[in-house]
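Here's the structure, in structure tokens; my notes come after.
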Amino acid sequence: MKTSQSIDSRRFHLSRYWLLALPLFALTLLTPTSQAAECPQLLQHRFANLQTGESQNLCQYQGKVILVVNTASYCGYTDQYGGLEALYRKYKDQGLVVLGFPSNDFGNQEPGDSKQIAKFCRLTYSVEFPMFEKSHVTGKQRSALFAKLDQQTGQRPQWNFHKYLIDASGKKAQSFASAVAPDDPRLLESVRILLDARKALLRKT
């Protein structure tokens with residue numbers, strides 16, 4: 001028969017265990033929520049990676065300066081792939097990322113499937129910047145990302161290779177028409193300003 005002293009001792013140890021365990025348990029519950037709250041709403045979207053088909057969250061680019069572009073393989077602006085890749089390679093170590101979103105919305109100029117598009121980009125322009133599944137960027141079926149960018153900038157894509165430049169906070173975006181090439185001084189100046197602002201912010205933190 002157990003004595004009252006041994007029972008009280010066991011109760012003490014159990015109470016002590018729960019006092020230690022509860023904060024850790026609460027932390028595991030709160031951590032994902034906190035991380036999600038830190039990611040800007042503009043980036044809270046998932047897309048399948050063009051090459052692998054793996055679903056990826058755009059929150060992985062949080063804290064970077066982001067250039068979002070709707071692309072097409074058979075367009076008068078298709079050669080901008082080369083300029084976009086050059087821009088990405090030049091500034092990626094400073095915090096710029098280019099995100100490509102193939103779309104067949106304009107002139108049926110992106111008819112291929114993911115494998116065909118990925119192969120074209122790799123072999124023709126040696127594209128290394130992240131690209132995602134073919135999606136709609138205009139109209140009722142447009143993706144939530146492009147709907148949000150339209151809402152935020154007041155400008156929606158009128159053709160392939162429209163560009164949205166998002167600052168490192170993920171809260172502000174600028175819009176550049178298709179005719180604005182990746183090496184256009186207006187775009188380059190905006191990229192440099194946002195990268196400088198990002199660098200200054202990192203120094204403070």
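The values are calculated or read from the model by the stated rules, or taken from the named source; none is laboratory data. For clarity, every value in this text was computed on a predicted model and none was experimentally measured. FYI the Cβ positions are ideal-geometry reconstructions off the backbone, even for glycines, and counts take in every protein chain you see.
Restricting attention to region 100-112, which residues are assigned to a loop (DSSP other than H, G, I, E, B) and among the aromatic types (F, W, Y)?
Restricting attention to region 100-112, the residues satisfying the condition of being assigned to a loop (DSSP other than H, G, I, E, B) are 103-112.
Once the filter is applied, which keeps residues that are assigned to a loop (DSSP other than H, G, I, E, B) and among the aromatic types (F, W, Y), region 100-112 yields only F106.
Selection over region 179-191 of residues that are over 11 Å from L87 (Cα atoms) and in a helix (DSSP H, G or I) gives a count of 4. Taking the criterion of being out of contact with any strand residue (DSSP E or B) (no Cβ under 7 Å at 6 or more places or on another chain) and of a type in the set (F, W, Y), the residues of region 106-135 that qualify are F106, F120, Y125. Among (1) under 30 Å from D196 (Cβ atoms); (2) part of a loop (DSSP other than H, G, I, E, B); (3) touching a Lys or Arg at 6+ places or on another chain (Cβ under 7 Å), which single condition is V97 missing? Status for V97: all satisfied but (2).
Looking at the structure I just gave you, is S73 hydroxyl-bearing (S, T, Y) and within 28 Å of I193 (Cβ to Cβ)? The answer is no for S73. Residue under question is A118, and the condition is that it be hydrophobic (A, V, I, L, M, F, W, C), surrounded by fewer than 20 Cβ atoms within 10 Å (Cβ to Cβ) and in a loop (DSSP other than H, G, I, E, B); does it hold? In short, no. Filtering region 107-119 for residues that are within 21 Å of D79 (Cβ to Cβ) and among the charged types (D, E, K, R) leaves a non-empty set. Selection of region 76-90 for residues being closer than 12 Å to L188 by Cα and in contact with a strand residue (DSSP E or B) (Cβ under 9 Å, 6 or more places away or on another chain) yields L84, L87, Y88, K90. Within the option set G107, G53, being more than 20 Å from R186 (Cα to Cα), in contact with a Cys (Cβ under 8 Å, 6 or more places away or on another chain) and not polar (S, T, N, Q) holds for one residue only, G107.
Among the residues of region 127-145, those that are free of Cβ contacts under 8 Å to residues at least 40 places away in the same chain and surrounded by fewer than 16 Cβ atoms within 10 Å (Cβ to Cβ) comprise G139, K140, Q141. Given the criteria modelled with pLDDT of 55 or more, within 15 Å of the chain's Cα centre (by Cα) and either surrounded by 14 or more Cβ atoms within 10 Å (Cβ to Cβ) or hydroxyl-bearing (S, T, Y) (or both), does C75 qualify? Judged against the criteria, C75 is not a match.
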